[in-house]
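The values are calculated or read from the model by the stated rules, or taken from the named source; none is laboratory data. No experiment lies behind these values; they were computed from the predicted model shown. Reconstructed Cβ throughout: ideal geometry from the backbone, glycine too, with neighbour counts over all protein chains shown.
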Amino acid sequence: MSIESTLVLVKPDGLKRRLTGEIIQRLERKGLNIVAMKMLKLTKEQAEVHYSVHKGKPFFPGLVEFITSDPLIAMVVKGHSAISVVRNLVGATDGAKASPGTIRGDFAITIDKSVIHASDSVESFEHECPIYFSTDEILDFSYGDEELF
C-alpha cells in the first residue's frame with residue numbers, strides 16, 4: 001500500500017447540515033490523517049478551475065453556483081491508499097444509489113446535493129489541491145499511531 005493524499009470537501013450542504021464533525025470522525029476512525037483543513041467561500045473562478053473537466057456540460061453552471069453558494073470545509077487527508085479508501089467511505093456520487101454506511105448513503109439522497117467531495121485520482125488531487133491550499137499550509141506529520149491501522 002502506498003501513502004497518498006486526497007482532497008476532501010465538506011460541501012455547503014454538508015456544512016449547513018452540521019455534518020463536518022461526523023465526516024471528520026469517520027475519516028479519523030478509519031486511520032487517515034488530516035494534514036490540512038480550513039473553511040472558505042470559494043470564488044466563481046476557483047470553482048470553474050475545480051470543475052474544469054465538466055466545462056461545457058449542461059450541469060456545469062449548477063455545479064459552480066452550488067459550490068460557491070456558501071462556505072465549505074476543505075481538507076487534505078493522507079494515509080495508506082487514501083484516495084480509494086476515502087472514495088469507499090464517501091460512497092457513490094448519487095446519494096440515492098450510495099450504499100448505507102457510506103457518507104453519501106447515510107446523508108445524501110440526490111446527486112446535486114451530495115454533502116462531500118473527494119478526489120478520484122492522484123491527477124485529480126494534483127489539479128484540485130492547489131485551488132484550496134498552498135504547500136506551506138499542508139503540515140505533513142505523523143500522529144504516531146499509524147501502525148495500529
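For the reader, a short list of remarks on this structure follows.
- Qualifying residue in the range 95-105 (condition: touching a residue at least 24 places away in the same chain (Cβ under 8 Å) and either under 15 Å from the mean Cα position of the chain (by Cα) or outside any helix (DSSP H, G or I) (or both)): yes
- Residue 59 over 21 Å from residue 141 (Cα atoms), at pLDDT below 95 and among the hydrophobic types (A, V, I, L, M, F, W, C): yes
- Test: residue 99 is at negative phi, modelled with pLDDT under 95 and not aliphatic (A, V, I, L, M): no
- Within this structure, residue 80 passes the test of being surrounded by fewer than 17 Cβ atoms within 10 Å (Cβ to Cβ), touching a residue at least 12 places away in the same chain (Cβ under 8 Å) and within 29 Å of residue 145 (Cα to Cα).
- The criterion of at least 3 residues that are β-branched (Val, Ile, Thr), more than 14 Å from residue 129 (Cα to Cα) and in contact with a Lys or Arg (Cβ under 6 Å, 6 or more places away or on another chain) is met by none of the helices (runs of 4 or more DSSP H) wholly inside the range 6-78.
- The lone exception for residue 111 - which of (1) closer than 22 Å to residue 33 by Cβ; (2) β-branched (Val, Ile, Thr); (3) modelled with pLDDT under 95 it fails: (1)
- Of all residues in the range 121-136, those being part of a loop (DSSP other than H, G, I, E, B) and closer than 18 Å to residue 86 by Cβ number 2.
- Residue 80 vs. criteria in contact with a Gly (Cβ under 8 Å, 6 or more places away or on another chain), over 19 Å from residue 10 (Cβ atoms) and either at pLDDT below 95 or of a type outside the set (A, V, I, L, M) (or both): yes
- Test result for residue 68, surrounded by 13 or more Cβ atoms within 10 Å (Cβ to Cβ), modelled with pLDDT under 95 and not aliphatic (A, V, I, L, M): no
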